[in-house]
Structure formats: structure tokens, C-alpha cells
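For reference, the structure is listed below as C-alpha cells.
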Amino acid sequence: MRGAELKRNMNEIEKRGFVCVAVRVRPLNETEKTKKAFQCVYSLDNQRVLLVDPEKFENNILRQNRQHERQFSYDAAFGPNTSHDEVHAATTAPLIDYVVSGFNATVFAYGATGAGKTYTMIGTKENPGLMTLLTKSLYEKINPDEYTVYLSYLEVYNEIIKDLLNPSAGILELLEDDKGNVQVPGLSRVKAPNTIKIRQILQEGNARRTQEATAANKVSSRSHALLQVTLYKHAVQHGKLFLIDLAGSERASNTLNRGKRLKEGAAINRSLLALGNVINSLSSGNKGRYIA
Ligand code: ADP
Ligand code: MG
């Protein structure tokens with residue numbers, strides 16, 4: 001990006017804020033269809049979704065005056081037939097220019113277990129999600145003689161950090177240096193030589209994630225997975241991208257969890273609550289507050 005263009009984009013960021021929120025509505029799954037579940041979320045256009053309360057059709061005389069429909073607006077909204085490419089083009093692709101110009105960016109999927117976070121962030125081998133699409137477009141944008149890309153991939157499960165690219169590293173620690181940089185000493189990083197290799201690295205890492213079946217999702221990922229993409233320009237660290245597939249927020253009653261699953265759920269909800277505090281603090285402009 002040239003100087004003037006970068007300045008224009010910076011002004012745009014300052015005007016619009018640093019946070020972009022998009023919602024993706026998934027199709028009903030087979031279990032929901034068999035149970036004839038009520039579809040309560042509809043995407044209206046590329047920014048608005050409609051939430052319908054099932055009570056609307058219950059003819060309950062006592063509740064007939066209640067508001068049964070609500071509309072919510074986001075920076076982007078996607079319906080059940082949207083492809084990963086369309087989501088990428090509208091949300092994550094515009095980040096590439098910023099990262100190439102030296103900014104850091106974070107993308108994460110947040111939602112209840114079974115909402116489609118892993119599907120969106122990781123996808124499948126045949127239909128890869130945002131992690132692969134974003135890394136691939138970054139790679140296509142840079143000149144390999146000038147820039148080098150390194151990938152690290154970790155999971156946080158029950159507050160324990162593991163290296164998904166090097167499982168033999170055991171349990172890793174999270175440390176903060178005297179400049180306030182958060183680091184994970186011992187976390188491996190691999191140089192991504194081309195897009196085929198990037199896909200292979202992500203697939204290997206994903207296969208090592210902690211997954212367990214819950215009643216809300218047969219392949220529920222019970223960990224947060226964080227892909228760190230670091231860009232070096234002439235061997236100097238330049239921009240960083242964090243791509244995160246969060247573990248699902250959940251109510252114990254929905255997932256029928258007991259014992260180990262319940263304990264995992266408590267750790268997941270605690271970390272999501274901390275994330276919520278960070279986002280609230282950032283968006284309220286309340287600078288300097290320490291978030292525990
Ligand atoms: P989460 O990670 O939020 O717990 P998943 O991403 O594992 O949920 O999605 C749960 C199930 O729904 C998976 O079988 C996934 O393939 C399917 N699914 C999710 N989103 C979509 C979508 N947009 N289109 C089609 N299937 C989807
Ligand atoms: Mg998941």
C-alpha cells in the first residue's frame with residue numbers, strides 16, 4: 001500500500017473503529033430437521049438478521065402483546081447458503097493490506113457450541129475455512145524475496161497450552177516480558193514456503209485438537225485454537241495475524257454435560273468471560289484498565 005492510501009485507510013479505521021463484527025447463520029442440521037426444530041434466526045440482507053421468538057406462534061393470550069421479533073444490525077451478515085469465499089471476501093480479505101503494511105489483526109469466531117465456529121475458521125480438507133483462505137491470500141500478496149511468513153499454532157484446553165505443530169513439547173507457559181509482550185516460550189514456528197504447505201500444516205495441527213462429543217455438537221472442539229501468522233520484512237518482524245477458533249460458549253443444560261465435560265465447560269466459559277471483559281473495555285475507550 002502506498003503512503004497516501006495507507007493514510008486514507010488509517011483515517012477510515014479511526015472513523016469506523018477497530019472492531020468489525022459479522023454474523024453467519026448456519027443451516028439447520030439433520031437432528032434439528034428431524035426434530036422439526038423452529039428456525040429462529042434469518043439473515044435479512046448483508047447486514048441485518050431477524051430473531052423470531054417461537055412463542056409468536058403459540059397463541060398464548062397472556063403473551064400476545066410481547067414483542068416477538070427483533071432485528072439486529074452488524075458490519076456484515078451471512079445467510080445459510082454463504083460460502084467461505086464470500087465470508088472471507090467481506091470480512092478477512094480486507095485485513096491483508098493492513099498486515100502487509102505492518103499492523104496486527106485478530107479474527108475470532110465466537111458463539112455457542114454447534115454454531116459453526118470451527119466450520120468457519122478451519123473448514124474441511126475439501127472446503128477450507130478462513131484460516132487457510134486468509135493465510136493463502138496473504139501469501140499471494142507478498143513478494144517472497146522481501147517478506148517471510150511464519151506460522152505457530154497452539155491450543156488452550158482447560159487453561160493448558162499445547163503446541164499443535166509439535167505435540168511432544170508438552171505443556172507450555174504463557175509469560176509476559178517487561179515490555180508487556182505476551183509470549184509462549186518453546187512454541188514452535190514453521191516457515192510457510194507455499195500455500196499447499198500452509199494447508200498441510202493447518203490440517204496436521206487440527207487433527208491434534210482436543211475434541212469431544214457433546215449433545216449440542218458431535219465433534220465439539222473443547223479447546224481454543226490460535227493460529228499465529230507472523231510476517232517478517234527483510235528479517236524484521238512486521239505484522240501479525242491471530243486467527244482463533246474459540247471453544248463454544250455453552251449452558252451446561254444444553255450440552256447435557258457432566259463430570260469432565262462440565263469442568264471443561266467451566267474453564268471455557270471463564271475464558272470467554274475474560275475475553276468479553278477485554279472487548280468491552282476496548283470498545284468503551286476505557287484505557288489503562290487492568291483486566292484480570
Ligand atoms: P462449533 O465449532 O461452533 O461448535 P461446528 O463448526 O463444529 O460448531 O459446526 C457444527 C456442525 O454444523 C458441523 O457438522 C458443521 O459441519 C455444521 N455447520 C456449521 N456451519 C455450517 C454452515 N455454514 N454450512 C453448513 N454446515 C455447517
Ligand atoms: Mg468448534
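The values are calculated or read from the model by the stated rules, or taken from the named source; none is laboratory data. Just so you know, these numbers come straight off a predicted model, no measurement behind them. Glycine gets a Cβ as well: all are built from the backbone with ideal geometry, and neighbour counts include every protein chain shown. Ligands, DNA and RNA are excluded from the accessible area calculation, which covers all protein heavy atoms including side chains. Shrake-Rupley method; radii C 1.70, N 1.55, O 1.52, S 1.80 Å.
What the table below lists for this structure:
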{"quantity": "Nonlocal amide H pairs with Ile161, under 5 Å, H built at 1.01 Å", "calculated": "Leu172"}
{"quantity": "In Å², nearest 10: area of Lys125 left accessible to a 1.4 Å probe", "calculated": "140 Å²"}
{"quantity": "Check: the stretch 39-193 dipole with +1 on Lys, Arg Cβ and -1 on Asp, Glu Cβ, in debye", "calculated": "340 debye"}
{"quantity": "Accessible area of the stretch 83-249 divided out per residue, in Å², using a probe of 1.4 angstrom", "calculated": "48 Å²"}
{"quantity": "Extension reserve of the Arg189-Ala112 stretch, reckoned as 0.36 nm per residue once the Cα distance is removed", "calculated": "24.7 nm"}
{"quantity": "For the stretch 83-249, radius of gyration divided by Kirkwood radius, i.e. Rg to Rh on alpha-carbons", "calculated": "0.95"}
{"quantity": "Cut-off 13 Å between beta-carbons: net charge of the residues surrounding Val184, Lys and Arg +1, Asp and Glu -1", "calculated": "-3"}
